[in-house]
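Trainee: Shown below is the structure under consideration.
The values are calculated or read from the model by the stated rules, or taken from the named source; none is laboratory data. Predicted model only: the values in this text are computed from it and were never measured. Note that we place each Cβ from the backbone using ideal geometry, even for glycine, and neighbour counts take in every protein chain shown.
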Amino acid sequence: MSGVVERPRQPLLVGLVVFLFFAWGFATVLLDTLVPKLKGLFELTYAEAMLIQFSFFLSYFIFSLPAGLVLSRVGYIRGAVLGLVVTALGCLLFLPAATLGLFPAFLLALFVMAAGITMLQVAANPFIELLGSEASSHSRLTLAQAFNSLGTTVGPWVGAVLILRGGVAVKAAGLSEAASAAARQAEAHAVQLPFLVIAGALAALAVVFWLLRRSSAPPVAGQASLRAIGALLTRPRLVLGAVAIFAYVGAEVSIGSVMTNYLMQPHVLAAAAERAGQLVSLYWGGAMVGRFIGSYVLQRLKPGLVLAGCATGACLLAVLSSLSAGPVAAYTLIAVGLFNSIMFPTIFSLASEQLGPETPNGSGLLCMAIVGGAIVPIITGAAADHAGLAVALLVPAACYVWIVAYGVLAARGLGLAPAKG
């Protein structure tokens with residue numbers, strides 16, 4: 001007996017789940033294009049514009065546990081259908097939001113959309129691992145993550161072309177209040193097109209999954225519960241890892257959110273809105289490339305030290321960009337994406353190491369910590385309003401300092417001994 005679990009191969013389901021990873025990566029990074037567009041459209045401060053990210057990432061905190069409970073009742077395929085339908089509904093809500101021309105309506109659409117994506121993530125990550133033999137589970141998950149990275153790389157480019165081509169400000173000079181409102185509404189319609197296309201694609205995918213609902217899908221293992229997660233708060237390695245996830249997602253989202261406006265500044269690149277939005281693709285593309293490099297490096301060095309090294313690099317680049325101007329300021333910030341690459345999976349694996357049967361509950365806590373993507377961007381936006389975008393970059397830089405500390409502590413085992421399985 002080899003001890004390796006053999007499961008029937010299901011290439012069709014594998015392909016569909018891999019596409020899910022691409023779809024939510026693509027949809028999520030469109031927010032980086034949406035922030036500058038809606039900021040100009042509704043004449044928002046940076047802190048107000050960051051409510052876009054707040055509305056989206058708050059869903060992870062609210063819906064991660066309910067999604068797990070629903071998944072345990074309906075199974076992976078029906079769970080994917082539910083996630084797709086809710087995500088598509090959120091995308092369709094961009095139509096009335098654009099018609100009404102109201103900022104809160106866009107926030108509601110994003111909140112609903114993120115609720116569906118949370119369901120998809122809760123379902124898809126364990127599902128892809130179970131669709132075949134245990135020996136090849138890592139390769140399937142790596143393939144899915146690669147397509148997720150492809151989505152996050154392509155998304156900003158498409159968003160820049162479709163959303164930012166007309167600029168980010170409403171040309172309302174000299175217009176009456178009614179004419180200004182009409183101009184704002186016309187600009188708002190540019191926002192809805194990519195989301196309506198995504199809604200159509202997700203609805204079609206939901207139909208395909210529904211037709212496959214009687215397939216021999218693997219059963220759902222036990223899910224996280226709030227009481228069980230609370231019992232894990234005595235585990236320093238897990239709790240401090242959750243703080244690191246909070247800091248990492250907050251830093252990554254903050255930089256992606258302000259990058260378009262940052263590159264448009266006269267003392268940086270003075271780039272047009274569309275061009276600046278396209279350059280954000282390099283930030284996310286760097287993360288995709290870094291994952292391939294990181295997979296090689298992590299086989300040879302301690303994960304904690306690799307994490308600390310990458311976080312140090314990201315911190316120094318963010319600070320250097322903050323203190324610089326011109327192409328140096330622009331491309332040092334874009335290069336942060338390369339160092340971001342291995343942080344989330346490495347923190348996740350270090351924090352949940354040897355939790356044994358409590359792994360689902362530990363994963364639930366770590367997923368809830370993704371709410372950092374809602375909180376840290378608000379702080380970054382407030383800093384930008386009071387001191388400028390360059391100074392605001394010190395907020396994500398401070399987040400990376402904590403990740404350095406966590407990596408070093410994990411590598412040395414100082415108070416962070418793995419949990420007993």
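Trainee: Which residues, counting only those in the stretch 63-117, are among the polar types (S, T, N, Q) and over 19 Å from GLY25 (Cβ atoms)?
Mentor: Let us first name the residues in the stretch 63-117 that are among the polar types (S, T, N, Q), namely 64, 72, 87, 99.
Correct list: SER72, THR99.
Trainee: Exactly one condition in (1) modelled with pLDDT of 90 or more; (2) in a helix (DSSP H, G or I); (3) out of contact with any helix residue (DSSP H, G or I) (no Cβ under 9 Å at 6 or more places or on another chain) is not met by PRO266; state its number.
Mentor: (2)
Trainee: Check SER180 against each of (1) modelled with pLDDT under 70; (2) part of a loop (DSSP other than H, G, I, E, B) and name the one condition it does not meet.
Mentor: (2) is the only condition that SER180 fails.
A quick yes/no check of all residues on (1) farther than 21 Å from THR28 by Cα; (2) of a type outside the set (A, V, I, L, M, F, W, C); (3) touching a helix residue (DSSP H, G or I) at 6+ places or on another chain (Cβ under 6 Å); (4) surrounded by 20 or more Cβ atoms within 10 Å (Cβ to Cβ):
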| position | (1), (2), (3), (4) |
| --- | --- |
| VAL336 | no, no, yes, yes |
| ASN340 | no, yes, yes, yes |
| MET343 | no, no, yes, yes |
| LEU355 | yes, no, yes, yes |
| ASN361 | yes, yes, yes, yes |
| CYS367 | no, no, yes, yes |
| ILE370 | no, no, yes, yes |
| ALA382 | yes, no, yes, no |
| ARG412 | yes, yes, no, no |
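Trainee: Can you report the number of residues in the stretch 234-261 which are surrounded by fewer than 24 Cβ atoms within 10 Å (Cβ to Cβ) and of a type in the set (Ser, Thr, Tyr)?
Mentor: Result for the stretch 234-261: 1.
Condition check ((1) surrounded by 24 or more Cβ atoms within 10 Å (Cβ to Cβ); (2) farther than 17 Å from GLN145 by Cα; (3) modelled with pLDDT under 90) across all residues:
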residue: GLN10; (1), (2), (3): no, yes, yes
residue: VAL14; (1), (2), (3): no, no, yes
residue: PHE26; (1), (2), (3): no, no, no
residue: PRO36; (1), (2), (3): yes, yes, no
residue: LEU44; (1), (2), (3): no, yes, no
residue: MET50; (1), (2), (3): yes, yes, no
residue: SER59; (1), (2), (3): yes, yes, no
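Trainee: If we only count helices (runs of 4 or more DSSP H) wholly inside the stretch 1-111, which ones have 3 or more residues that are hydrophobic (A, V, I, L, M, F, W, C)?
Mentor: Values: elements: 11-41, 46-49, 51-92, 94-100.
The helices (runs of 4 or more DSSP H) meeting that bar are 11-41, 51-92, 94-100.
Trainee: Name the pairs: first residue in the stretch 208-231 and at pLDDT below 75, second residue in a loop (DSSP other than H, G, I, E, B), Cβ to Cβ under 9 Å, at least 6 apart or on different chains?
Mentor: Within 9 Å, the pairs are SER215/GLN10; SER216/PRO8; SER216/GLN10; ALA217/GLN10; ALA217/LEU131; PRO218/ARG7; PRO218/LEU131.
Trainee: Among GLY326, GLY277, which is in contact with a His (Cβ under 8 Å, 6 or more places away or on another chain) and either buried (at least 21 other Cβ atoms within 10 Å of the Cβ) or in the same structural domain as ALA398 (by TED's automatic domain parsing) (or both)? Can you show your working first?
Mentor: Numbers: GLY277 fails: in contact with a His (Cβ under 8 Å, 6 or more places away or on another chain).
Testing whether each residue is in contact with a His (Cβ under 8 Å, 6 or more places away or on another chain) and either buried (at least 21 other Cβ atoms within 10 Å of the Cβ) or in the same structural domain as ALA398 (by TED's automatic domain parsing) (or both) leaves just GLY326.
Trainee: Here's another thing I want to ask about it. Would you check if there is a residue in the stretch 259-272 being more than 16 Å from THR332 (Cα to Cα) and within 24 Å of the chain's Cα centre (by Cα)?
Mentor: No.
Trainee: For ASN261, which of the numbered conditions (1) part of a helix (DSSP H, G or I); (2) more than 20 Å from TYR400 (Cα to Cα); (3) free of Cβ contacts under 8 Å to residues at least 60 places away in the same chain fails to hold?
Mentor: (3)
Trainee: Say whether the condition of being assigned to a helix (DSSP H, G or I), within 20 Å of the chain's Cα centre (by Cα), touching a residue at least 40 places away in the same chain (Cβ under 8 Å) and under 23 Å from LEU226 (Cα atoms) is met by at least one residue in the stretch 330-344. Break it down into steps so the answer makes sense when it comes.
Mentor: As a first pass, look at the stretch 330-344 and keep what is assigned to a helix (DSSP H, G or I): 330-340, 343-344.
Cutting the leftovers down to within 20 Å of the chain's Cα centre (by Cα) gives us 333-340, 343-344.
Narrowing the set further to residues that are touching a residue at least 40 places away in the same chain (Cβ under 8 Å) leaves 333-340, 343-344.
Those still in the list that are under 23 Å from LEU226 (Cα atoms) too: 344.
Yes: the stretch 330-344 contains one or more residues that are assigned to a helix (DSSP H, G or I), within 20 Å of the chain's Cα centre (by Cα), touching a residue at least 40 places away in the same chain (Cβ under 8 Å) and under 23 Å from LEU226 (Cα atoms).
Trainee: Please verify whether the stretch 280-294 includes one or more residues that are closer than 23 Å to VAL243 by Cβ and not in a helix (DSSP H, G or I).
Mentor: no
Trainee: Which condition number does LEU301 fail, the rest of (1) in a loop (DSSP other than H, G, I, E, B); (2) more than 19 Å from ILE403 (Cα to Cα) being met?
Mentor: (2)
Trainee: Check whether at least one residue in the stretch 41-62 is in the same structural domain as LEU13 (by TED's automatic domain parsing), in contact (Cβ under 8 Å) with a residue 60 or more places away in the chain and closer than 17 Å to ALA124 by Cα, and report yes or no.
Mentor: Yes, the conditions are met somewhere in the stretch 41-62.
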